[in-house]
Amino acid sequence: MSDQQRISYVSFEDMTPEMQAEMERCAREGTPRPESSAVRAHVPEAFWFFANAWRDLFREGILDHSIKELCRVYISHTVKCEYCGNQRSEKGRTQGLAEGQYDELLNYEKSDHYDARQKAALSYAEAIAWHYEVDDAFWARLHTHFTEPELVELGCMIGLTLGQQSWLRLLNIDHHQVMAGTKASMAPGMEDAESLQARKTAEDYWAHA
């Protein structure tokens, strides 16, 4: 498999001041980090479509962010988008998500790392990602833990990240290539290019499973 990057990054200098401000936010806060935004910048409408939707559905919104962050990384592990799976939401960290909670996402039902509400949300992400046929019991479980507006927001966010991550994994982009020197939202042990590459060669690296 080639490691050649498939779509180039738009240079920071070629972006509008408004896009540059969003890129600086990506470098400062992460999720997404600058590289994926620099690819979308080839089409400003695509750049702003994702930036605005991600702000409204993921970083903000009515549902607690930590739930959405677990679902985001579940999707990363499902489609093996390493670029997305190696990021951690800074907001999720402030809401108490621990690194160990990312390790067993694909086996969430049997794990003690998640409560009943988190498991229900992850079942929603799983059903969307794998096109499951679901029954009344599935929906009863979701309605026990979430309001209908919360289910709409979460479903839209899962659908958005599933589509984007399924695309990004094809592009062979990686971290620390745009606005290098920043480490916002990187997973532990991946804070710079050297440590990232070392972690990706480790036997227990998640994408090797």
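Of note:
- Of the candidates 61, 100, the single residue that is modelled with pLDDT of 95 or more and either outside any helix (DSSP H, G or I) or of a type outside the set (Asp, Glu) (or both) is 61.
Residues are listed down the side, and each one gets a yes or a no for (1) crowded, with 18+ Cβ neighbours inside 10 Å; (2) more than 11 Å from the chain's Cα centre (by Cα); (3) of a type in the set (A, V, I, L, M):
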| residue | (1), (2), (3) |
| --- | --- |
| 154 | yes, yes, yes |
| 165 | yes, no, no |
| 172 | no, yes, no |
| 178 | yes, yes, yes |
| 181 | no, yes, no |
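- Hits in segment 27-50 - residues which are under 28 Å from residue 149 (Cβ atoms), within 13 Å of the chain's Cα centre (by Cα) and not hydroxyl-bearing (Ser, Thr, Tyr): 30, 32, 50
- Members of segment 64-97 that are touching a residue at least 40 places away in the same chain (Cβ under 8 Å) and outside any helix (DSSP H, G or I): 80, 81, 86, 87, 88, 89
Residues checked against (1) hydroxyl-bearing (Ser, Thr, Tyr); (2) under 21 Å from residue 190 (Cβ atoms):
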site	(1), (2)
30	no, yes
51	no, no
61	no, no
66	yes, yes
69	no, yes
75	no, yes
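The rows are residues; the columns are (1) within 23 Å of residue 52 (Cβ to Cβ); (2) not β-branched (Val, Ile, Thr).
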site: 95; (1), (2): yes, yes
site: 103; (1), (2): no, yes
site: 107; (1), (2): no, yes
site: 120; (1), (2): no, yes
site: 134; (1), (2): no, no
site: 158; (1), (2): yes, no
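Residue-wise test of (1) under 30 Å from residue 25 (Cβ atoms); (2) at pLDDT 95 or above; (3) part of a helix (DSSP H, G or I).
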position: 121; (1), (2), (3): yes, yes, yes
position: 127; (1), (2), (3): no, yes, yes
position: 132; (1), (2), (3): no, yes, no
position: 138; (1), (2), (3): no, yes, yes
position: 141; (1), (2), (3): no, yes, yes
position: 154; (1), (2), (3): yes, yes, yes
position: 158; (1), (2), (3): yes, yes, yes
position: 166; (1), (2), (3): yes, yes, yes
position: 177; (1), (2), (3): yes, yes, no
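- In this structure, residue 194 does not satisfy being more than 21 Å from residue 27 (Cα to Cα) and of a type in the set (D, E, K, R).
- Test: residue in segment 96-108 that is aromatic (Phe, Trp, Tyr) and either over 14 Å from the mean Cα position of the chain (by Cα) or crowded, with 22+ Cβ neighbours inside 10 Å (or both): yes
- In the set 163, 181, only one residue is small (Gly, Ala, Ser) and farther than 20 Å from residue 50 by Cα; that residue is 181.
- Scanning segment 107-119 for residues being without any contact (Cβ under 8 Å) to a residue 40 or more places away in the chain and outside any loop (DSSP other than H, G, I, E, B) gives a total of 6.
- Residue in segment 120-139 that is in contact with a His (Cβ under 7 Å, 6 or more places away or on another chain) and loosely packed, with under 15 Cβ neighbours inside 10 Å present: no
The values are calculated or read from the model by the stated rules, or taken from the named source; none is laboratory data. Everything numeric in this text was worked out from a predicted model, so none of it was measured. Every residue, glycine as well, gets a Cβ built from its backbone with ideal geometry; the counts of neighbours run over all protein chains shown.
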